[in-house]
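A quick write-up on the structure given underneath.
The values are calculated or read from the model by the stated rules, or taken from the named source; none is laboratory data. A quick note: this is a predicted structure, and the numbers were derived from the prediction, not measured. When we count neighbours, we look across all protein chains shown, and the Cβ atoms used for this are built from the backbone with ideal geometry, even at glycine. Surface accessibility is based on the protein's heavy atoms, side chains included, excluding ligands, DNA and RNA. Shrake-Rupley method; radii C 1.70, N 1.55, O 1.52, S 1.80 Å.
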Amino acid sequence: MVDVLTEITIAKPIDKVADYAMNPDNALEWYVNIYSVEWKTPQPLILGSQIAFTARFLGRQYHTFMKLWN
């Protein structure tokens, strides 16, 4: 097993960073392996929202699905 730790300091207010990080549309900018985000339910992101992501990793394509629930 390999443990990896990364750290970055973002000089922005925490609410701005959280808003950016929680928006699935921004995943294309900050997650290099994701190349497709498809909303399966209407925006905005609320309980019950469903989003499909397509990514490439180690030469393979992966499809993941996210549903926001509590």
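The table below gives the values:
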| quantity | calculated |
| --- | --- |
| Long-range amide H partners of SER49 with built H, under 5 Å | LEU68 |
| Computed lengthening from TYR31 to TRP69, 0.36 nm per intervening residue step minus Cα-Cα distance | 11.4 nm |
| Computed [θ] at 222 nm, helices only, for the chain once each DSSP H run of length n ≥ 4 contributes -39500 (n - 2.57) | -4500 deg cm²/dmol |
| 3J(HN,Hα) from dihedral phi, region 44-54, Karplus parametrisation 6.51/-1.76/1.60, rounded to Hz, x for glycine, proline | x, 5, 9, 4, x, 4, 10, 9, 10, 10, 10 |
| Surface share of carbon and sulfur [accessible, 1.4 angstrom probe, percent] for the chain | 60 percent |
| Accessible area in square angstrom per residue, the chain, 1.4 angstrom probe | 89 Å² |
| Cβ-placed point charges (K, R +1; D, E -1), dipole of the chain about Cα centre in debye, nearest 20 | 240 debye |
| Chymotrypsin sites (Phe, Trp or Tyr not before Pro), loop per DSSP, at most 12 other Cβ atoms within 10 Å - longest free stretch of the chain | 32-68 |
| Kirkwood hydrodynamic radius of the chain, Cα pairs, Å | 14.0 Å |
